[in-house]
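Student: Quick one: this structure, given as C-alpha cells, is what I'll be asking you about.
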Amino acid sequence: MKEKASYFRNRLTPIIITYALVMICLAVLLHRRLDSMLRQFETKSVTQHARDSAELYAQELRGELERISDVVELMEEMEKRVGRENLQETMDYVSERYAPDPNLFVGLISATGESLYGEVLAPRNYSGIQDSLRGETGISFTYSGGVLFSAPIMRNGNIRYVLYELCTSGNFIERFPVSLFAENGRVCVLTRKGEEVVPFKGINDKEERFFESRSVRAVYEDLLKQMDQETVSCCYEETTLGGMYFCVAEVEGSEFVIAGAVNREAVAEGLLRIPRLVLVVFCLLLLMVLILAMFLLVATQKVGESEALKRAKTAAEEASRAKSNFLANMSHEIRTPINTVLGLDEMILREYDDPTLRRYAVNIQSAGKALLSLVNDVLDFSKIEAGKMELLVEEYDLSALLMDLISIIQSRAVRKGLELQVEADEDVPYHLEGDMNRLKQVMVNLMTNAVKYTKEGGVWVHISHEKLDETQTALRFSVRDSGIGIRQEDIEKLFVAFERVDEVRNRTIEGTGLGMNIVQQLLSLMDSQLEVESEYGKGSTFSFTVVQKVADWTPIGRFEEAFNRAASSEEIYRPAFIAPDARILIVDDTEMNLMVVEGLLQPTKIHIDTALDAVSALEMTEKQEYDLLCIDHRMPGMDGVEMLEELRARTENLNSGKPCIALTANAVAGAREEYLASGFDDYLMKPIESRKMEAMLIRYLPDEKVLEPLEEESTMHSAAAPEEQ
C-alpha cells in the first residue's frame, strides 16, 4: 500500500507542476494581449480628445478674429461720421469701445508697415501682420509682446490699414483657457517651434519639475516633428509619475498646437482592472487545483489498522471537513470575480464590432463559463457534504427546461459530429412544480457526460410520465448514448467523489470526478436515484424518476416543433425598454459589481447613481429623489436590511416610500419571504442577469417613464455568444 501511495505521489507531482506552469504562461500571454488591446483603445481615445480640444480652441480664436472684423466695420462707420482725416479720434473711439481691458491693446499699422496708432510694432516679427498685409486675418505670437490678432482694412480693393489686437500672455491665458480630459489631463499651448504660449495650469511643484525635465521636452520635440505629416500626434511613455499618454494637436488657422499629457488610469476609466482580474482568476483557479491535489495526496495515506493509523484517519476526517468548509467559502469568493469577468465580457460583445476583439471576448466567455461550472461543482459538493443543500420548489415550464438543455448541449454535440435527439411523450404535462434548476443540473451533467464519452453516433433523451393521482405525476428521464460504455465492476466508481472511471483510457477527457456524485446526491434530495445500464464499448443508458406536483395537466404536445421554431430565430440582444427620465440608486460594497450593473443597464438609458456603503447611500437619498433603489444585503457596517429600516423611518426623506429591491446571493427556500417581511418590495439574486433585472425595473418604475426601445436599439449585438470558437 505504501508503495502504491508513493507511486501515486511520484506520478501526480510532475503533472501538477506542468499544469501550474501552463496556467501561468496562459495567464501572462492573455494579460499581455488584453493590455495591448487596451493600449490601442486608449491611444484612439487620447487622439480624439486632443483633436476635439484643438478644434474647439480654433473656433475660439476664429471668434476673436471675427470680432476684429466687426471692429473694422465700426471704424468705417466712424470715418463716415468724423472724416478720414480724424484718424486719431476714430481710433480713440474704437479703443474705448473695443478694448477697455488695460491688458488688451488695439493698434493700427499702415500698408507700408508704419505704426499709426497704439504700440510701435515691427511687422516682420509678427507673421500674422504679414498675412494681413496680404489681405488675410492672422494670429501670431512673440515672447516679448504676446498674442496678436490682426485683420486688413480694405478700400477700393487695396489694403489701407492693418487693425490689430495685442493680448499680453496673462490676458490671453484668461480669455482662452484650454483643457484635456477635464481635470484629469494637463495641457498647454505651444507654437510649432516649441515656444510656450499658454503654460501648464493647475500643476504642483512635482509636476512642474516633471514637465520641465529634459526627457519630457524630448518627447514633445519628437511629437512636434511628426506634425509635418499629421494634424495629431500621440505616444505612450512610462514615467516617474506612472504610465502617461503625451499628445500634440494642430490648432487650425494659427501657428499654435495644443500639447497635453494624461495618466493612463484616467484614459482607461477602470478597464485596467480587466487584465489584472484575469491574472487573479487564473491564480485562484491554480490555488484550487493545488488544494484539491493536496487533498488527493492526503487521501492516499491509508495503511494498516494500527492505533496510529486510526488516529491518522480521525485527523484526515477532520481535515476533510475543514477542506469542505474552506472550499465552500473559497468558491463563493471566486464566483464574484468570475461573474464580473462574464459581465464585462457581455458588455464587450454588445458594444464592439471588431472581429478580433469579439473572437477574444467569445473565448473569454467560454473559458469563464467552464471555470464557473467547475467552481459550482465544487461548491455544490461542499454544500452537500456540509448538509446545506436545499431544494427551491416553484412552478416551471417543462418545455422551457428541455429547450434550455438542448441549447446548452447541442453545440458540443455538433462539434463532435454527434446526433442529439430530445423527445417527450405528447401527454406529459408541461406546467409542473419542483426545483427546475436542480433538475436541469442533473440532466446537464448526464447529457454532458454522454457527449463527452461518445466519439460517434449520438445521444438520445426521452421523457415520459405516469400519473399518480390528481396532483402528482412521476416523470421518467432517460439519457442513452452510443459511447464507450462502462465495465460492470466500474459502475460503483461513478458515484465516488474525485474518482474517474477507466482513467488510463479517458485521460484526455476533461473532468473533476464530481459530476456523477453530485447527480446522485441531488437525486437523493428528490427521493430518487440514478439507474445505470451499460455495455462496455457499445454505450450506456442513465435513467431516473422524480415525483413532481402538477400545476396544469395540459399536455406538452409536439415538443420538437416548438423547439424547432424557437431554434430557428436568431437571438439578438435589445433592451426590453428605455427610461431616459428615470433615475435609480444601486448600493453595493463591491465596486466591480457596480461597474457590471451600470454596463448591463447602459442600453436602457436609465440615470444610475451608485454608492459603496449604506451610510453614503442614505446621504444621497436626502439630496436626490429616485424612482427605485437596489440595495445589497450583505455589506460591512450597516447592512441592506438595516439601511432599509433607517430609510423607512425617515418619513421626510424624498425616497422613504420608494420601491426597494434586495440584491442577494441567497437562493435557499424562503429567501423571498424573508426579504418581503423585512420591507423590501422584491429581491434579485446574484449573479445578476440583465433580462431579469430589466423585467423587474419594468415592474417597479413609473409607467410614464418606461418607453419602448427605439429602432436602433433593436440591432444591438447578441449578448449570448457561441460557447466556443
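Student: Do we have any residue at all in the stretch 175-183 that's open to solvent by less than 40 Å² (accessible area, probe 1.4 Å) and under 19 Å from D70 (Cα atoms)? Let's see the steps before the verdict.
Tutor: Our first condition is that a residue be open to solvent by less than 40 Å² (accessible area, probe 1.4 Å); within the stretch 175-183, this holds for 176, 178, 180-181.
If we keep only those that are under 19 Å from D70 (Cα atoms) as well, we get none.
No, that holds for no residue.
Student: In the stretch 438-490, how many are of a type in the set (A, V, I, L, M, F, W, C), out of contact with any Asp or Glu (no Cβ under 9 Å at 6 or more places or on another chain) and under 14 Å from G537 (Cα atoms)?
Tutor: Counting residues in the stretch 438-490 that are of a type in the set (A, V, I, L, M, F, W, C), out of contact with any Asp or Glu (no Cβ under 9 Å at 6 or more places or on another chain) and under 14 Å from G537 (Cα atoms) gives 0.
Student: Right, here's the next one. Quick one: which residue in A58, A54, A27, A50 is crowded, with 16+ Cβ neighbours inside 10 Å, out of contact with any strand residue (DSSP E or B) (no Cβ under 8 Å at 6 or more places or on another chain) and modelled with pLDDT of 75 or more?
Tutor: Details: A54 fails: out of contact with any strand residue (DSSP E or B) (no Cβ under 8 Å at 6 or more places or on another chain); A27 fails: modelled with pLDDT of 75 or more; A50 fails: out of contact with any strand residue (DSSP E or B) (no Cβ under 8 Å at 6 or more places or on another chain).
Residue meeting the stated conditions: A58.
Student: Also, quick follow-up: With respect to Q88, determine if the residue is loosely packed, with under 14 Cβ neighbours inside 10 Å, modelled with pLDDT of 75 or more and closer than 30 Å to N184 by Cα. Give the derivation first.
Tutor: On the way: loosely packed, with under 14 Cβ neighbours inside 10 Å: yes; modelled with pLDDT of 75 or more: yes; closer than 30 Å to N184 by Cα: no.
In short, no.
Student: Return the pairs, sorted by first residue and then second, in which the second residue is of a type in the set (F, W, Y), the first residue lies in the stretch 473-488 and is part of a strand (DSSP E or B), the beta carbons are less than 6 Å apart, and the residues are 6+ apart or on different chains.
Tutor: F477/F544; V479/F542; R480/W460
Student: Does M1 meet the test of being surrounded by 11 or more Cβ atoms within 10 Å (Cβ to Cβ) and either within 17 Å of the chain's Cα centre (by Cα) or modelled with pLDDT under 75 (or both)?
Tutor: Here the answer is no, as M1 does not meet what is asked.
Student: Follow-up. Does any residue in the stretch 415-439 that is within 13 Å of A400 (Cα to Cα) come within less than 7 Å, Cβ to Cβ, of a residue that is polar (S, T, N, Q) and open to solvent by 60 Å² or more (accessible area, probe 1.4 Å) six or more places away or on a different chain, and which pairs are these?
Tutor: What qualifies is P429/T554; Y430/T554; H431/T554.
Matching residues to (1) part of a strand (DSSP E or B); (2) open to solvent by less than 70 Å² (accessible area, probe 1.4 Å):
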site: T112; (1), (2): no, no
site: V120; (1), (2): no, no
site: I129; (1), (2): no, yes
site: S132; (1), (2): no, yes
site: G135; (1), (2): no, yes
site: S140; (1), (2): yes, yes
site: S144; (1), (2): no, no
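Student: Which residue is surrounded by the fewest Cβ atoms within 10 Å (Cβ to Cβ), if the candidates are limited to the stretch 564-600 and must be among the aliphatic types (A, V, I, L, M) and at pLDDT 90 or above?
Tutor: If we filter the stretch 564-600 for residues that are among the aliphatic types (A, V, I, L, M), which is where we start, we get 566-567, 572, 576, 578-579, 582, 584-587, 592, 594-597, 600.
Subset that is at pLDDT 90 or above: 578-579, 582, 584-587.
Values: I578: 18, A579: 23, A582: 22, I584: 24, L585: 22, I586: 21, V587: 25.
So the residue we want is I578.
Student: How many residues are more than 18 Å from D682 (Cβ to Cβ), surrounded by fewer than 16 Cβ atoms within 10 Å (Cβ to Cβ) and not hydroxyl-bearing (S, T, Y) if we restrict to the stretch 613-637?
Tutor: Residues meeting the conditions: 8.
Student: Does V189 meet the test of being surrounded by 16 or more Cβ atoms within 10 Å (Cβ to Cβ) and touching a Leu at 6+ places or on another chain (Cβ under 7 Å)? Break it down into steps so the answer makes sense when it comes.
Tutor: Working: surrounded by 16 or more Cβ atoms within 10 Å (Cβ to Cβ): yes; touching a Leu at 6+ places or on another chain (Cβ under 7 Å): no.
For V189, the condition - surrounded by 16 or more Cβ atoms within 10 Å (Cβ to Cβ) and touching a Leu at 6+ places or on another chain (Cβ under 7 Å) - is not met.
Student: How about the stretch 160-200: which of its residues are closer than 20 Å to E119 by Cβ, of a type in the set (A, V, I, L, M, F, W, C) and free of Cβ contacts under 8 Å to residues at least 40 places away in the same chain?
Tutor: Result: F172, I173.
Student: For the stretch 371-406, what are the residues that are at pLDDT 75 or above and open to solvent by 60 Å² or more (accessible area, probe 1.4 Å)?
Tutor: Of the stretch 371-406, the ones at pLDDT 75 or above are 391-406.
V393, E394, E395, listed by residue number.
Student: Six or more apart or on different chains, Cβ under 9 Å: which pairs go from a residue in the stretch 81-94 that's within 16 Å of G107 (Cα to Cα) and assigned to a loop (DSSP other than H, G, I, E, B) to one that's of a type outside the set (K, R) and modelled with pLDDT of 70 or more? Could you list them?
Tutor: Hits for this filter: N86/M78.
Student: Do you know which residues across the stretch 245-269 are surrounded by fewer than 22 Cβ atoms within 10 Å (Cβ to Cβ) and either farther than 19 Å from V198 by Cα or under 26 Å from the mean Cα position of the chain (by Cα) (or both)?
Tutor: N263, R264, E265, A266, A268, E269
Student: Another question, then. Suppose we filter E694, E708 for residues that are loosely packed, with under 13 Cβ neighbours inside 10 Å, out of contact with any Asp or Glu (no Cβ under 7 Å at 6 or more places or on another chain) and at pLDDT 75 or above; which single one remains? Let's see the steps before the verdict.
Tutor: On the way: E694 fails: loosely packed, with under 13 Cβ neighbours inside 10 Å.
Going through E694, E708 in turn, the sole match is E708.
Student: Separate question: Need the failing condition index for N655 against (1) under 28 Å from the mean Cα position of the chain (by Cα); (2) open to solvent by less than 10 Å² (accessible area, probe 1.4 Å), just the number.
Tutor: (1)
Student: Could I ask something else about it? Given the residues L514, L523, which is the only one that is modelled with pLDDT of 85 or more and of a type in the set (A, V, I, L, M)? So that I can check it myself, show each step before the final result.
Tutor: Working: L514 fails: modelled with pLDDT of 85 or more.
Within the list L514, L523, the selection yields L523.
Student: While we're looking at this one, here's another question. I'd like the residue in the stretch 463-495 that is at pLDDT below 85, of a type outside the set (S, T, N, Q) and surrounded by fewer than 13 Cβ atoms within 10 Å (Cβ to Cβ) and, out of all such residues, is nearest to the chain's Cα centre (by Cα).
Tutor: Among residues in the stretch 463-495 that are at pLDDT below 85, of a type outside the set (S, T, N, Q) and surrounded by fewer than 13 Cβ atoms within 10 Å (Cβ to Cβ), the one nearest to the chain's Cα centre (by Cα) is E492.
Student: Among all residue pairs at least 6 apart or on different chains, which show Cβ distances below 9 Å where the first residue, located in the stretch 647-661, is part of a helix (DSSP H, G or I) and the second is among the polar types (S, T, N, Q)?
Tutor: L647/T621; L647/N653; L647/N655; L647/S656; R648/S656; A649/S656
Student: List every residue pair whose Cβ atoms sit under 9 Å apart, with the two residues 6 or more apart in sequence or on different chains, where the first one lies in the stretch 111-135 and is free of Cβ contacts under 8 Å to residues at least 12 places away in the same chain and farther than 14 Å from R160 by Cβ and the second, anywhere, is open to solvent by 50 Å² or more (accessible area, probe 1.4 Å) and basic (K, R).
Tutor: Correct list of pairs: Q130/R124.
The values are calculated or read from the model by the stated rules, or taken from the named source; none is laboratory data. These numbers were taken from a predicted model, which means no experiment stands behind them. With ideal geometry, Cβ positions are generated from the backbone for all residues, glycine too; neighbour counts draw on all protein chains shown. Ligands, DNA and RNA are excluded from the accessible area calculation, which covers all protein heavy atoms including side chains. Shrake-Rupley method; radii C 1.70, N 1.55, O 1.52, S 1.80 Å.
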